[in-house]
Amino acid sequence: MLKTNKLQGLLLVLVFTLGSQTVWAQELTNTADTNSGIEQDCGLTISGKVIDHDTREPLIGATVHLDQPDMSAVADEYGNYHFHHLCQGTYTLKVSYVGYKEESFTYKITASSVRDLQLHADTKLLKAVEVTGAHLTEQAQATATLSGRELEETRGLSLGESLKALTGVSSIQTGPNVSKPVIHGLFGNRVLLLNNGVRHESQQWGNEHAPEIDPLNAQEMTVVKGASGVRYGSDAIGGVVLVNPKPLPDSAGVKGKVSLIGSTNNRMGTVAGMLEGKLSQLPLSWRVHTSVKKAGSAQAPDYNLKNTGFEEQNLATTLGYKQAKFGAELYYSYFHTKIGILSSSHAENLTDLNNAIGRERPEQIGEFSYDINRPYQDVTHHLLKAKGTYKTGDVGELQFTYGFQQNLRDEYDVLRQASNKPQLSLKLLTHSTELVWEHKPISNFSGSIGTTTLWQDNTYAQGSRYLLPYYQNFTAGIFWMEKWRQDNLELEAGVRYDHKNLNVKAFEGDELLKPEYTFHNFSGSLGAMYDLGYHLTLSGNASYASRAPIAYELFARGKHNGTGSYEFGDPDLTSENAINTMVTLNYHSNYRFNSELSLYNNYISNYIYLQLGEPVLAVDGAYLTGYYKQADAHFWGADLSLQYNITDMLSLDTKASIVYAINTETDSYLPFISPARIDNTLRYSLGNLGSEKLSETYIAAGGLLVDKQHRYDEQSDPLLSPPDGYFLLHAAVGTNIQVGNTTLDVSITGNNLLNTSYRDYQNRLRYFTDEIGRTIMFRVGVPLNIKNS
Amino acid sequence: MFNKLIFNIHLNTMKKLFRPYLAFLLIGSLLTISSCGNDDDPEPVNEEELITTVTIRLEPNEDAPKGTQTVEATRRDVDGVGGTAPAIGSLVLQSGVTYNATLTLQDEQANEDITEEIQEENTEHQFFYEVTGADVEVTPTDRDDNGRILGIESTVVTGAATTTPGALRIVLKHQPDGLKTDTSDINTGETDADVSFPLSIE
């Protein structure tokens, strides 16, 4: 991106230099041939100015091209162009200029005419960082992308916390370190994560199981909102999160980057290093990325959150081979984390839980420490991916992806007696394949067709607590999607079928049952995008997705510490089906004001949810029970993002979202739905501050306002009503500093600057403790240029 | 017409291209079967640190009238939460008697004596007794290594006879990391056991 920008800058300079010269050929070519069918030399003229649509500035040096007759003109130093010797007729003028979108204008000429041609700055090209939307969307479904500076400002946060920067995305938390993305009120198995193109497969059903993905290795994270079953698997009822590392280098040499991140709140230190290169003799590229994180206990404004430290080690290596026709990629990543869970969040029974709720602060506070004691989680995830691509002539590309994943989750409970063993030890193996043929436009159609398979084996270590049974799962799917585009209109449609076999080995008392399930799941989508004008795009999408119940929902049986509940699956559950409609209005590519509004509506029949019920009496007291049930549910809401450039330097960013969710059978609210929220940020770009050593300096400040969740009842929250709303102040400052031959990027971000004590409705530990207090994070990135060639 | 032609060509290319994929799939499935075909059946899981059985045994002390019986009541739930409901015995005590009470906790799934475990970690545990609906006073008699109340053993003094049964509630609290102090109470720490026996005095 940086490179193309430099190139453009160079071109601009070139164009300006040339343009300022007084002698400037008006008509470059005039090869109108006598047999072109248009009568020759009728003496008419089209002339006018080429100007910027927004600033009305003349665009010196813009090229105006006429197809019939084949003529070109270049705008002079006043932006004027003219074509002479034209006859009556219809002419199409194609105008292009560096940094602007190419546009065509068609005029019917009966007499000599003056026509001003207005071009739109190509925001995609001009800015290195493009915020969501802006005509980047090539699909009718609403998406949001976190990349560039916005992504940089989230470095050091977990995946779930980073994604909260996007409109319509929130997270379900278990304390400060466990965060799972929520899209439009849906989460867990309804939100698919694609890590470098492979479906991330772990124990996603657990609300306290954070995604095992290192966001530091990502260059871009895109959220597809709403049911996206066709392309990614029929269970994607809520949406999809695509986590993509940056593409392998395409020019020879070796370079790298070292990043250091520090946080004041939990005294976290993170070191990340990246090295990448391309061989000069062979079309072979490679990359190694690693990161190590270590954090102590987090701090609420008034007390220490005992045992909330964590550590994480990551490694990702990629090897790529690319020829004109054939490409191959081998990728391996390792993720390991050990996460302490707040000591006082371990409620054994309902009485303990009520005691905890009644306390102002957690029973055990302690002092800051890097130690991690029980309860804690120790999770390891391996991903091996092999991908091959083959260009099928001029018409498309065939892609094959194989993925192997091993997910090991060990949970260590608080025990009466010292022990080294985990109380819960789950192992999930996943093999997945995907074969896709993407075809290039054939007349107005472009699309893809493909098949996928997924094979899984879940086991638990002998001697660990029973919660989830052994099972094997095989899913095979086939899909086809096409896009049709003409002029202002794009239509898209897709269908998918998934066949799923699930073989379970579950205990009923001492008896081992081996039930087998077969599910047939269909998905479909229809979408349309219509450009209402240059700046305004209206898109609509209706999709159907069907998710088969997972083994946990069918066969869960066990104690859930932290909520003082026992959870029971229901072996008779059926697939849940969503009909999701969404309308998005996008005003984009304007240099002053851009915005996007999405409205959505999601009907889910047979929605699977955990209903808290009557307590059961165990030897250690009363426990709440949670039973998996099905009912029809209805989700609806809106996302709004606005961006207003008050001056060239100062801009205001607004993001707001609201979501409603009800169980239509019992006419009650659903739990864990994000309350309405709005975030406003003012950003001031300072450029180089008059120093040659600085560039892209900025300061920003803003506030996040989260409402109290008013939409709750006895059924959604039987234990404790939602906490009050809150307001948090945040700020950021950043710059690039040139030191010798390298440019360091440096930034500082601060969250909860007023050190506000608050509790968040979507944090499962809200029963026990306040959220973390003031957090300042420091980041330094040092690029390394090791070998150029 | 032209589109149809292209489409047919595509179909042919597709067929060709699918062939190696099918082969790959076969190889893939072979791989998965050989490397991960975990067809072993799981063993039944015994819940760790489960307390299936709580027994209180009350022996009349030497001052009790002759013929006063030793009383024992047990709460037993061998399969844990769910499944079969727990069996809970009742206590029928004599009026105006002092009993020496002893608690026994067992895990009958794993055949373990939990009382021993608690004795080993006596500085982090304490039993609490609550009586409702009967004139009974329970006083723990044993102490932990720090000289604080433990409560495996106690004296139980009964008063007047009851007309309707009351209850004796016994709560075992785990109070690690310095939570057990001279002032810690039934609301401190985590509950390891919380059982109630119907109690009447004759």
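Average partner chain C-beta neighbours within 10 Å, per residue of A:343-354?
3
Quick check on the exposure proxy: order B:LEU172, A:LEU429 from fewest to most C-beta atoms within 10 angstrom.
Listed from fewest to most nearby Cβ atoms, that is A:LEU429, B:LEU172.
Take the Cα radius of gyration of region B:53-201 and divide it by 2.2 N^0.38 Å, with N its residue count; two decimals is plenty.
Output field value: 1.06.
Pull up the cross-link candidates among the aspartates and glutamates for A:LYS505, meaning alpha carbon to alpha carbon under 13 Å and not fewer than 8 places away within one chain.
Reachable aspartates and glutamates: A:ASP457, A:GLU516, B:ASP39, B:ASP40, B:ASP41, B:GLU43.
Please work out, to two decimal places, the log10 of the ratio I(q)/I(0) at q = 0.20 Å⁻¹ from a Debye calculation in which every Cα of region A:636-789 carries one identical scatterer.
With no solvent term, the Cα-only Debye profile gives -1.23.
Quick one: which of A:197-207, A:685-695, A:740-750, A:763-773 comes out on top by average Cβ neighbours within 10 Å, and what's the full order, highest first?
Sorting A:197-207, A:685-695, A:740-750, A:763-773 by mean packing, highest first, produces A:763-773, A:197-207, A:740-750, A:685-695.
If I stretch the segment between A:LEU279 and A:ILE357 completely, what's the gain in nm (0.36 nm per residue apart, minus their alpha carbon distance), one decimal?
Extending this stretch completely gives an extra 22.0 nm.
Sorted from largest down, what three extents in whole angstroms do the Cα atoms of region B:115-202 have along their principal axes?
Principal axes ranked by extent give 44, 25, 21 Å for the Cα atoms.
Just rank A:SER525, A:SER446, fewest to most, by other beta-carbon atoms within 10 angstrom.
A:SER446, A:SER525
Suppose R0 equals 35 Å; then what is the FRET efficiency for B:GLU137 and B:THR115 from their Cβ-Cβ distance, rounded to the nearest 0.05?
After rounding to 0.05, the efficiency reads 0.90.
Got the relative contact order for chain A handy, in percent, Cα pairs under 8 Å and 6 or more residues apart?
10 percent.
Just to compare against my own numbers: the Cα pair-distance distribution for region A:132-242, 10 Å bins, whole % per bin, please.
The percentages, shortest bin first, are 15, 52, 31, 3.
For A:LYS278, list the aspartates and glutamates whose Cα falls under 16 Å from its own Cα; do not include residues on the same chain fewer than 8 positions away.
Cα-Cα hits under 16 Å: A:ASP250, A:GLU329.
Within 13 Å, Cβ to Cβ, of A:GLU516, how many net charges do the neighbouring residues add up to if Lys/Arg are +1 and Asp/Glu are -1?
+3
With the Cα gyration tensor of the protein assembly as shown in hand, give its eigenvalues times 5 under a square root as the equivalent ellipsoid semi-axes, listed largest first in whole angstrom.
65, 31, 26
Tell me the volume per residue, in Å³, of the convex hull enclosing the alpha carbons of region A:257-316.
Here the figure is 62 Å³ per residue.
Evaluate region A:243-788: find the radius of gyration of its Cα atoms, find its Kirkwood radius, and give the ratio Rg to Rh.
Checking Rg against Rh, the ratio lands at 0.96.
What is the spin-label model distance, in nm, from B:GLU59 to A:VAL292 if the labels are put 7 Å beyond Cα along the C-beta direction?
That separation, rounded to one decimal, is 6.1 nm.
Compute the distance in nm between two label points, each set 7 Å from the Cα along the Cα-to-Cβ direction, one at A:ASN736 and one at A:LYS693.
About 1.7 nm, to one decimal.
What aspartates and glutamates could a cross-link reach from A:LYS246, if we take a straight Cα to Cα line under 12 Å and drop same-chain neighbours fewer than 8 places away?
A:GLU220, A:GLU276
Per residue of A:440-447, how many C-beta atoms from partner chains lie within 10 Å of its own C-beta, taken as a mean?
For peptide A:440-447, the averaged partner shielding equals 1.
Placing +1 at every Lys and Arg Cβ and -1 at every Asp and Glu Cβ, with all other atoms neutral, what dipole size does chain A have around its Cα centre, in debye to the nearest 20?
1760 debye
Relative to the first principal axis of the alpha-carbon coordinates of chain A, what is the inclination of helix A:2-20, with its axis defined by its Cα atoms, in degrees from 0 to 90 and to the nearest 10?
Taking Cα atoms only, the helix is inclined about 20 degrees.
Mind scanning A:LYS164/A:LYS225; A:LYS255/A:LYS655; A:LYS306/B:LYS180; A:LYS306/A:LYS421 and naming the pairs with a C-alpha gap bigger than 25 Å?
Long pairs (Cα-Cα over 25 Å): A:LYS255/A:LYS655.
Quick note: the coordinates plus some simple rules give every number you see, no bench work behind them. For clarity, every value in this text was computed on a predicted model and none was experimentally measured. Positions of Cβ are generated from backbone atoms using ideal geometry, with glycine treated the same way; all protein chains shown enter the neighbour counts.
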